Amino acid sequence: MQRFDLIIIGAGSGNSIIGPEHDDWSIALVERGLFGGTCLNVGCIPSKMFVFAAELADYARRGPEFGLHTRFDGADWPAIRDRVFGRIDPIAAGGEDYRRGLPHVSVFAHDARFVGPKQLRVGDEVITADTIVLAAGARANVPSIPGIDTVGFDTSDTIMRVDALPERLIVLGGGYIAAELGAVFGALGSQVTYVLRGDAMLRDQDHDISRRMTEIYGRRYPTHYNADIRSVARDGDGDVILELGDGTTLRGDRLLVAAGRTPNGDQLGVTETGVTLDDAGYVVTDAHGRTEVDGIWALGDISNPVQLKHVANHEAKVVAHNITYPDDLRTMNHDHIPAAVFAHPPIGSVGLTEQACVARGLDYTAHVQDYGSAAAGWAMEDTESICKVIMDNRSRRLLGAHIMGPQAPTLVQQLIQGMVFGLTVDQMATGQYYIHPAMPEVVEQALLEL
């Protein structure tokens, strides 16, 4: 059994743990997929590149509304796809080549599974180390539906690399992956149909955001809510056939399953090395990233249900410090974690939703400000977008902020900063200039209303 000083499982954020301070450590880096992890290869980066192309298509389509002689004549899908992955794939390959070139790092391109205390089987051999970092991420969740295992379907791991733009795409799910990728294919020319097991798009968002997004998507795409999917099959023409409980039959040439993501702790068999999983399958850690087993740490999507890249990167920095300087442990800061959904329109949010405030019995005031009330939103003739702010009535500090509309993931950053530094709503609203007529004025107006 080969022994190392450190084993890192996962070459996403886990790859960033290795630094110059570890030059005299023998390190095993285990990665069954592409270097860079979910974000670089099948998540944040490629999807946002597709989102940008889709936004350009939508602008071209809407040009005549503003007196422009533009139109959308269709998309060259292979050219769009190849531009995206022609830039991304060399980064993943280069990252692996770099690590393989380091004399103190051994790369294992295999599935891995624990077979005993700190004993990890990779391929045909078993390796061990006193220090192990679990950073193996999560995988697409596939719901149990009769026929799903044999019909052939896409997830976010595969849909962006297909050879042709689907003519009719059925999207199973109403979360952020479904909202983003469905809108991409819809803007580029696919006929998109949504099938939701629930009653709304983006149900985890603030209820005002979810309600508006449900209305917007419902106008754009045929959507089936509270759907009971009885079966999935393919007919003789190769069409995907979904049979719903109400007797509806849906047909498409591709099926995108976007039903959330499942942490990979079970596939690693972490319980064989004494690590505990919670009821949802996440590795249990403390505030320093330690599991219950001395010397085993975890970070990112395998242990944090937030499943955000910026959170995984933060946790990787903390764990990198803590394994190197165990007498000077740092804690993970999970206060005021922001999130974005790059749907159409996009969303930026931080803090509590209004429904969470109600559930906690908080004394709060909430206000929704339309984009159109600010000069920039009015000039854009925006009648859909909103900025919602929620204030604690005792401290007059923000409890949450939720923006849906153009530039939302950027606009929310100023509110994140105010929350982190403990500013009151009054200080944020009146203690600085807001450029006129720029989009941040809608944030100013929302704050002033509180």
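Could you list, by residue number, the cysteines of the chain that have no other cysteine's beta carbon within less than 4.7 Å of their beta carbon?
Cys with no partner Cβ under 4.7 Å: Cys357, Cys387.
Roughly how big is the chain's charge dipole about its Cα centre, with Cβ charges of +1 (Lys, Arg) and -1 (Asp, Glu), in debye to the nearest 20?
340
Kindly work out what percent of the DSSP beta bridges joining two residues of the chain are antiparallel, to the nearest 5.
Percent antiparallel among DSSP bridges in the chain is about 60.
Calculate one ³J(HN,Hα) per residue across the stretch 395-400 by plugging θ = phi - 60° into the Karplus curve 6.51 cos²θ - 1.76 cosθ + 1.60, and present them in order as whole Hz with x for glycine and proline.
8, 6, 9, 6, 9, x
Check which residues have an amide H placed less than 5 Å from Arg330's amide H, if you skip close sequence neighbours.
The answer is Asn322.
Convert each backbone phi in the stretch 235-242 into a coupling constant with the Karplus relation 6.51 cos²θ - 1.76 cosθ + 1.60 (shift: θ = phi - 60°), then list the ³J(HN,Hα) values in order as whole Hz, x for Gly and Pro.
Working through the residues one at a time gives 8, x, 8, x, 6, 7, 10, 10 Hz.
Can you work out the Karplus-derived ³J(HN,Hα) for every residue in the stretch 71-87? Use 6.51 cos²θ - 1.76 cosθ + 1.60 with θ = phi - 60°, whole Hz, and x for glycine or proline.
7, 9, 9, x, 10, 8, 4, x, 5, 5, 4, 5, 4, 5, 7, x, 8
What residue among Ile127, Ala438, Leu181 has its Cα farthest toward the positive end of the dipole of the chain, where the charges are +1 on Lys, Arg and -1 on Asp, Glu, each on the Cβ?
Projecting each Cα onto the dipole axis, the largest value belongs to Ala438.
Give the distance, in whole Å, between the Cα centre of the stretch 274-310 and the Cα centre of the stretch 1-42.
17
Among 324-330, 142-148, how do they line up from the highest to the lowest mean number of other beta-carbon atoms within 10 Å?
Answer by packing, highest mean first, reads 142-148, 324-330.
What number does the stretch 345-449 give for Rg over Rh if you use C-alpha atoms and the Kirkwood radius?
Rg/Rh: 0.95.
Report, ordered by chain and residue number, the aspartates and glutamates lying within cross-link reach of Lys309, taken as a straight Cα distance under 15 Å and ignoring same-chain residues fewer than 8 apart.
Answer for Lys309, where 15 Å is the Cα cut-off: Asp301, listed by chain and number.
Here, each number is a calculation from the coordinates, and none is a lab measurement. Given the structure is predicted, the values throughout are model-derived calculations rather than measurements. As a convention, Cβ positions derive from the backbone with ideal geometry for all residues, glycine included, and neighbour counts pool all protein chains shown.
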